[in-house]
Each structure stands twice: as structure tokens, then as C-alpha cells.
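Data first, discussion second: the structure below is written as C-alpha cells.
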Amino acid sequence: MSTAVPSSSSSSSLPAAARVVVIGGGVIGASIAYHLAHLGWTDVLVLERDRLTSGTTWHAAGLMTCFGSTSHTSTAIRLYGRELYARLEAETGLATGFKPVGLIEAAADPGRLHEYRRIAAFQRTQGLEVHEITPREIAELFPLAKTDDLLAGFYVPGDGRVNPVDLTMSLARGAKLLGVRIVEGATAESVLTHKGRVVGVRVAHGDDTVDIECEFAVNAAGMWARELGGRNGVVIPNQAAEHYYLLTEPIVGMSPQAPVFEDPAAYGYYREEGGGMMVGLFEPRAAAWRVGGIPRDFSFGTLEPDWERMEPYLRTAMERVPITLETGIRAFFCGPESFTPDLQPAVGEAPGIRGYFVAAGLNSVGILSSGGLGRVMAQWITTGHPDVDVTGFNVDRFQPWQLTPRFRAARTGEILGTVYAAHAPGTQLRTGRGVKRSPLHDKMIAQGAWFKDVSGWESPDWYAGPGQTPTAEPSWDRQAWFEHWRAEHEAVRTGVGLIDMSFMAKFLVEGPDAAAVLDRISAAAVAGEVGRITYTQWLNELGGIEADLTVTRLAEERFLVVASDTAHGHTLAWLGRHTVGADVRVSDVTAAYAQVNVQGPRSREVLQATSESDFSPEAFAFRDARWVDIGCAPVLAVRITYVGELGWELYVPVEHAGHVYDTLVEAGGPMGLRHVGLKALGSLRLEKAYRDYGHDIDNTDDLASVGLGFAVAKDKPVDWIGRGPTLAALAALAARPPSQRLVQVLLLDPEPQLHHAEILLRDGVPVGDVRSGSYGWTLGGAVGLAMVSGGGLRVTADWLAAGAWEVDIAGHRYAARVSLRPLYDPTSARVQS
């Protein structure tokens, strides 16, 4: 950490044009410019409204720690950044202040110990050296800490600290050496667009306002990013919050080479600073700052500390290192950091504006993320495609309601508190709830629904039963409510279940060019006969998956596109991008229709009892779609499934939702119809090995490696997007199967649970990790989907059968079975019954 104001490193003149204009001279803006230049794009201009680092970069704590993530993307970003900071001085001549003094992450309770063991197992496979150590070993490495009540620690020798100002200056110099221009005292007023593309940036510079022509604009404006984005209708709901640390007077025995020490249970991080100690805080309940907008002239600024609010958290943190309670305090610092509603960065190309990129909302990990994220952004800008999974980071995931001041204030106070919280399954955010509700919400309450947040929607996860009040606590272990989950799962397998999935994203695509547009962006043949649904993927030019969804042809010029809730924004943005110039209308009808799924072997009986329409196998084949009557209401019925059984998705105009629901429940009562939540939906679909975009498959995957080649219309006489690389990969599949493939995993021991990122081993060697996990009540054990690598060998059924398979769960290994084909109903006979 440095409080010195950096010297100017800029040119005083503004060019008339640049290929890329980066708005913001913090560490992420400097990193993007540096990496663009290294990719050969040197016609880059960085605009900083005041001085480099003057926003939030200058006062960052400077932690360079990689431990703590089970994300491939996040881990890779951090590891790359750590390596970059170590070598940057040799290139630029300016030190970054990087000191690999090591990191100790303390585990103070059994839940955290289990969580950290899972993280450690995952990150070791990604190249991070991490060791579990005893409390005595913690004391040897960081003797000032109280360790007698700790269970263990996790030691990362290569982690450490960096000077945020020095790092930014080194990146800026590296960019300038390659031709990048940096101008300080230049405020970007707005991004200029024409016909949906960036054409320039309007800049206030001194007494002048000038327009700079450009092809690409990058909003890296930090805590000002939301307001800048809003001028172009770009939704970036980041919000500044108070962040605290104190600096003590010098402490005897506080070595400059002492490792960074973190104890999340005590809310604190600790490192050497000026011979004393920095004690930083991530308190469980934080405070948003300036919800109405950040002052433009706020530079190198501090905030007035709220001692009364912070005293209990500060005392808890200082008690972990008792000597800090006896040492004088040199400074008690409060400064702003910006956070997003889900604690993930806001990056990528803004929906609806080609060439407008965002890199903001770094959630207090901007220093350790900026190196790797700058590389990802430069790759994305120069090629049009990120080379890592960005499904959870993409700025198009945000929704306009998340910009509201009341939501930002409440959510920011809560989300900062999750930085150091435990993250057991079932952990939920509580602020901003109830913003979106199904028209059947009250009826679900009456059935004892336990709700979870699904992209802002309240959706039942499981049901305690009519009139019951559900209760649950986050836990890695089995819970009493698992029996409700099991009963729901079994009802769908043996009888019939009703699932409210009104949160699914729904779009009407209409017009003379609708069929041609959808056929061009879909890998399957979606422009077939009217009254049929098609499962398909939308691909990019490289063959990477951009969407996984269904397209139903309702009429010659009318289609219904249905995607998952998490893919809502990206699906709409992809449609918008590829309908430019076409005679097509796209309407978001998500809120216009309730979606009620009736699934299970007895679903046909239930529906037939409610309608004069014919639901027989001969009259209503698999993948048929038509309007029917349910009770007295018109309903679009589609015979399709996401659980691996006979079933229908019902799209119900919201005004009829209550009536249709009551009719179905009354008819299904004698057949044992049961309400089914998302927990059972997950276990049912994973038994059938159905994929979920953003979890099991992402933008870095191709259809061959994830087993979705069956969904490709290889002979479609349309030059669909991604056709070349996809057909080449599928043609090679038989002769030369991929060395990396998605497989289904089943644990042979019925007790352990699978969630995410557990390590898959073949003959004792790690070869992959679980992307999604659940419990297969029908298969008799935990089940999941995992990406495995053959390490140069081809992943075939024979290769799978020749190995002894295990899954590492928090350091314990369990025997497993793996398969390329679904372990439940591999021929889909039940689906087509």
C-alpha cells in the first residue's frame, strides 16, 4: 500500500482518433492497455479523469493471493497475474513491489476446514502449490497470531503482496513503451455510437470538449462505471462501499518477510506494513457509499470512518493477533471499493453496442485480478472471443432492476460480507428478494415451498408439504429436508410431478426473416415443420457454445425461443446482434407466460384428465408443440423433458395461470401428483446427464467434446455460424476422439455428496473435475458431470473402462463409475413412451 501521489506519466495532448480508447487509469485500465499493446494493438489511448490510480487503486491493500476459488477462470487469472507481477520489472524497469512472502489461510471451524480442503484439492490441479498445515506450523510462520483455537491453515508459498501504485505505473510504462498513449486530466463524458456501434468518445479536457474517433471503447471507470454505462443504456450495477484497514505503529518481531495471514472467521487479513501491521477487514455487514452517484472530483480520497459500526468487527479481528490491541494505531483508513450484486466482475461486450467493452466491478480483488483479467479483455477485444469461460462474468447477465438505488444499497452491504463468509451449500443472499415472482407464487407458499433466488425470481427449491413451514441451514452434510427432495425425485421417476419454471427466459421471434435468422444461428435445423420443438446450441465462429436452448416453430413466421434464467441476457443480446438488418421482431415474453412442467410416467394421464385434446402417443409425439385446452384456458403444450421422463412443458398466459394450476392439481390428486422443486430438477437431469449452460458447458467448449453432436444438423443447407469447426470436430470424433470430454460420474458409496469442483482421478492421477453435482436417488449415489483430460490420450469408452476411477472430496477418495452415455435410461425409451 502506498499513499504517495504518483507522478504524471501522460501526454498533454489528445489525438483525433485511436483504435481503442480505454476509459480509466486504474490498475485494470493500465493492464488492458498493456496487454492490447502486447497483442500488436498499439493504437490505444488511455483516458484518466485525474491522475493514474486516483480512484480506488492507490489505497488498495495490495494482496496477491491465489487461494480461495473453485473456478478455472478465476484461478487462471490469479496465477497469470502473480507470474506477470514477478517479471514485469525486467521488462519495464519499474518495480511492482511484488513480494512472494506466502499466504496462510486459517480454518477456524469444521465447515471452513472442509471448504478449504475442497478448494485446495481443486487448485492444486490448476498449478497452485498449497499445503495444509497445523496450528503449530501456522505459529511458526506467523508467530504473532493466536492459533490455539484454529483447526488448520492452508499455506501458499508463492502468494504474497504487491504495491498497487507501483504495479499500475509499471503496466502503464510497459504499454507506453509499445506505443500506447496515456492522457491524464481527461474525463470521458460519453461513448458515441452510430447504428449500434461505437464510433467515438466525447472527452472533457481542460476547457475543451472534443470527440475522439475510435472503433472500441473500454469502460474501466471503476466506481464511476455504472454512471458512464448508463449514458448508453448499459447496465453495470456496481456500487461503492466502505472498506477499512488500520495500520499500527512498528511491532517488534514483525518481519517484512512475514506471510500474509487471513482469518475469515475473524473478518481479518494481516500483513506487514512499515515495520508495523496492516489489519484489514471484510465485515459481515457493510455499508454502501454514495448510492446516488460518486463525485467526479473524488481523487486520492478517504472516507470518514464509522467507528461505532466497525468497533465489534475490528476488535474480533485484532483479537486474532493480540499484540495489535497493545500497539499504537498509526492510521485507521476507510476508502471506497466497488462491488457487483453477485461478487463477480462485470466484463465483456455490452449488449446492443458493438465495440463497447466493460471491465469494472472487481469486488476488492482488482489488484490480484487485474493482470489476468487485462489479458482476457485484450484477447476478447482483438479476436472477438474470450479464451476462458466467462459465462459467470459477462456484463450481459445484469438486469435493469439491479440499478435501483434501494437494491444497490442493500445488496452491497450484504455482498461485501460474503467475501469472508463460509460458503456451504444452501447459502443464500437475503437482500433484494421477491423482486420477481411467478404468478403461482402464493400457491407454492401454500405447498410449503422453500424458495431460492433464481436470477431475481423466487423459485421453490423443495417443498415441506401443504401448510408446513420449511426450514433449512447451509451445510455440507445431509439435512432432514433431503427426504422431501428424495420424495419429489422419486415422484417424477415413478408417478408425476409439477414444476413451476416460470423463471425461464422466453422470447418470441417473428417476421419474414425469422426462420432464416434462427436457422443461421442454430446448429440444429430449427426451421422445420410448424408445431415442433428443436433442442439446439448457438455457436460462435470458432465453434464455441454461446447458448443451449430450444426453438419451437409456432407458425411460418413465428418462433418461441426458451433458455435458462442465467442465459436470459446473453440470449437476448445474441438475438439482437444477429437480427440487425433483418425483417425480424424479438419480444421478451418471459413475464407474459407462466411455465408449468408436468413430468413423469403418469403425466399423460393427468393432462388427459384436464382436457378434451388428445395426448396419446399417436396424436402427441415427442417434440410436438400445439395449443390445447387445460380446463377452460388455452395453453401451449410442448412434449419435451429436462428430467428424462415422459412429460410436457406448459406455457400459460399469466391471466390463466391460477386456473390451469388448480385444474392440474385437482386432476393429479388421485394419481399422486407431487410438487417438485429445483433441487429435484437438478438431480433428475444429472441422472440423465442433461447439460446446463454456464455450469456443465460454457463458451470454451465445442459440441464434440461435450457430447452434443447429436443435436447438429450436419446436412443442413445453411452456412450456420460455427459450421466449419463443428463439422470438422464431429467428423474426427470416430477416428480421433477428443483428448478432453465431458463424462457422467457416479459415486459407488451412497453416503458422500457431489456439488462442484471435486477432483476426478484415474488410476490415482487427477484427470478432471466435476462441473455440476447432485445426488442420484434412482442411481443410488452422488452423480455429476465432469470434464476429463486424457493427457494426450484419446478419451474413449475403452479408455474409461480401463481405469480405476475415484473422486477426491476434501481430501477423501471415493470409488466412482464414469460413462460417456447416460447411466439412467441411455436409450431414452422412457422419454419417448
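The values are calculated or read from the model by the stated rules, or taken from the named source; none is laboratory data. The structure displayed is predicted, hence computed values, not measured ones. FYI the Cβ positions are ideal-geometry reconstructions off the backbone, even for glycines, and counts take in every protein chain you see. Quick note on the areas: whole protein, heavy atoms, side chains included, nothing else; ligands and nucleic acids left out. Shrake-Rupley method; radii C 1.70, N 1.55, O 1.52, S 1.80 Å.
Annotations for the structure displayed:
- Close Cβ contacts (under 7 Å, 6 or more residues apart or on different chains) running from residues in region 295-313 that are crowded, with 16+ Cβ neighbours inside 10 Å to residues that are part of a loop (DSSP other than H, G, I, E, B) and β-branched (Val, Ile, Thr) comprise Phe300/Val5.
- Every test in (1) assigned to a strand (DSSP E or B); (2) without any contact (Cβ under 8 Å) to a residue 24 or more places away in the chain is passed by Val252 save one, and that test is (1).
- Only listed residue being free of Cβ contacts under 8 Å to residues at least 12 places away in the same chain and out of contact with any Phe, Trp or Tyr (no Cβ under 7 Å at 6 or more places or on another chain), chosen from Arg49, Arg82, Arg87: Arg87
One line per residue, one yes/no per condition, for (1) within 18 Å of Trp720 (Cα to Cα); (2) part of a loop (DSSP other than H, G, I, E, B):
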site: Ala524; (1), (2): yes, yes
site: Val530; (1), (2): no, yes
site: Thr550; (1), (2): yes, no
site: Leu554; (1), (2): no, no
site: Leu575; (1), (2): yes, no
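- Boolean, Val598 is among the aliphatic types (A, V, I, L, M) and open to solvent by 20 Å² or more (accessible area, probe 1.4 Å): no
- Which listed residue, of Ala516, Ala480, Ala527, is open to solvent by 30 Å² or more (accessible area, probe 1.4 Å), over 18 Å from Leu678 (Cβ atoms) and in contact with a helix residue (DSSP H, G or I) (Cβ under 6 Å, 6 or more places away or on another chain): Ala527
- Test for Val635: is it more than 26 Å from Thr778 (Cβ to Cβ) and either within 34 Å of the chain's Cα centre (by Cα) or not in a loop (DSSP other than H, G, I, E, B) (or both): yes
- Residues in region 121-140 that are of a type in the set (A, V, I, L, M) and either in contact with a helix residue (DSSP H, G or I) (Cβ under 8 Å, 6 or more places away or on another chain) or surrounded by fewer than 20 Cβ atoms within 10 Å (Cβ to Cβ) (or both): Leu128, Val130, Ile133, Ala139.
- Any hit, region 286-303, residues being assigned to a strand (DSSP E or B), more than 30 Å from Ala139 (Cβ to Cβ) and within 31 Å of the chain's Cα centre (by Cα): yes
For (1) of a type in the set (Lys, Arg); (2) modelled with pLDDT of 95 or more; (3) out of contact with any helix residue (DSSP H, G or I) (no Cβ under 8 Å at 6 or more places or on another chain); (4) on the phi < 0 side of the Ramachandran plot, each residue gets a yes or a no:
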| site | (1), (2), (3), (4) |
| --- | --- |
| Lys452 | yes, yes, no, yes |
| Gly456 | no, yes, no, no |
| Ala464 | no, yes, no, yes |
| Trp485 | no, yes, no, yes |
| Arg493 | yes, yes, no, yes |
| Gly497 | no, yes, no, yes |
| Ala505 | no, yes, no, yes |
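- Residues of region 599-615 that turn out to be over 40 Å from the mean Cα position of the chain (by Cα), outside any helix (DSSP H, G or I) and either among the polar types (S, T, N, Q) or under 20 Å from Glu488 (Cβ atoms) (or both), as a count: 3
- Answer from Arg78, Arg117 - the residue that is assigned to a helix (DSSP H, G or I), surrounded by 23 or more Cβ atoms within 10 Å (Cβ to Cβ) and in contact with a Gly (Cβ under 8 Å, 6 or more places away or on another chain): Arg78
- Unique match (being open to solvent by less than 30 Å² (accessible area, probe 1.4 Å) and among the aromatic types (Phe, Trp, Tyr)) among Trp462, Trp450: Trp462
- Of all residues in region 326-344, those satisfying the criterion of being open to solvent by 20 Å² or more (accessible area, probe 1.4 Å) and assigned to a loop (DSSP other than H, G, I, E, B) are Thr327, Gly328, Asp342, Leu343, Gln344.
- Here His695 fulfils each of the conditions (1) surrounded by fewer than 19 Cβ atoms within 10 Å (Cβ to Cβ); (2) over 24 Å from the mean Cα position of the chain (by Cα) apart from (2).
- Against the criterion of being outside any loop (DSSP other than H, G, I, E, B), modelled with pLDDT of 95 or more, closer than 21 Å to Thr418 by Cα and not hydroxyl-bearing (Ser, Thr, Tyr), Leu373 does not qualify.
- When Gly432 is tested against (1) in a loop (DSSP other than H, G, I, E, B); (2) in contact (Cβ under 8 Å) with a residue 24 or more places away in the chain; (3) touching a helix residue (DSSP H, G or I) at 6+ places or on another chain (Cβ under 8 Å); (4) open to solvent by 60 Å² or more (accessible area, probe 1.4 Å), just one condition goes unmet, and that condition is (4).
- Top-ranked residue in region 561-573 [being surrounded by fewer than 21 Cβ atoms within 10 Å (Cβ to Cβ) and either outside any helix (DSSP H, G or I) or of a type outside the set (Gly, Ala, Ser) (or both); ranked as nearest to the chain's Cα centre (by Cα)]: Thr566
- Residue within region 412-419 that is over 30 Å from Asp263 (Cβ atoms), in contact (Cβ under 8 Å) with a residue 60 or more places away in the chain and surrounded by 16 or more Cβ atoms within 10 Å (Cβ to Cβ) present: no
- Scanning region 35-84 for residues that are aromatic (Phe, Trp, Tyr) and within 26 Å of the chain's Cα centre (by Cα) yields Phe67, Tyr80.
- Condition check for Ala555: buried (at least 22 other Cβ atoms within 10 Å of the Cβ) and either under 30 Å from Tyr661 (Cα atoms) or under 27 Å from the mean Cα position of the chain (by Cα) (or both): no
- Hits in region 483-507 (condition: surrounded by fewer than 17 Cβ atoms within 10 Å (Cβ to Cβ) and without any contact (Cβ under 8 Å) to a residue 24 or more places away in the chain): Glu483
- Among the residues of region 719-740, those that are open to solvent by less than 40 Å² (accessible area, probe 1.4 Å) and touching a residue at least 60 places away in the same chain (Cβ under 8 Å) comprise Trp720, Ile721, Gly722, Thr726, Ala729.
- Only one of the listed residues (Arg486, Arg433) is over 22 Å from Gln753 (Cβ atoms) and of a type in the set (D, E, K, R). That residue is Arg433.
- Count of residues meeting criterion [crowded, with 22+ Cβ neighbours inside 10 Å and touching a Lys or Arg at 6+ places or on another chain (Cβ under 9 Å)] in region 612-641: 5
- Within region 231-249, if we keep just the residues that are assigned to a loop (DSSP other than H, G, I, E, B) and charged (D, E, K, R), the residue that is nearest to the chain's Cα centre (by Cα) turns out to be Arg231.
- Sub-8 Å Cβ pairs linking a first residue in region 803-819 that is farther than 14 Å from Leu779 by Cβ to a second residue that is open to solvent by 50 Å² or more (accessible area, probe 1.4 Å) and of a type in the set (Ser, Thr, Tyr), at least 6 apart or interchain, are Glu806/Tyr814; Val807/Tyr814, ordered by first then second residue.
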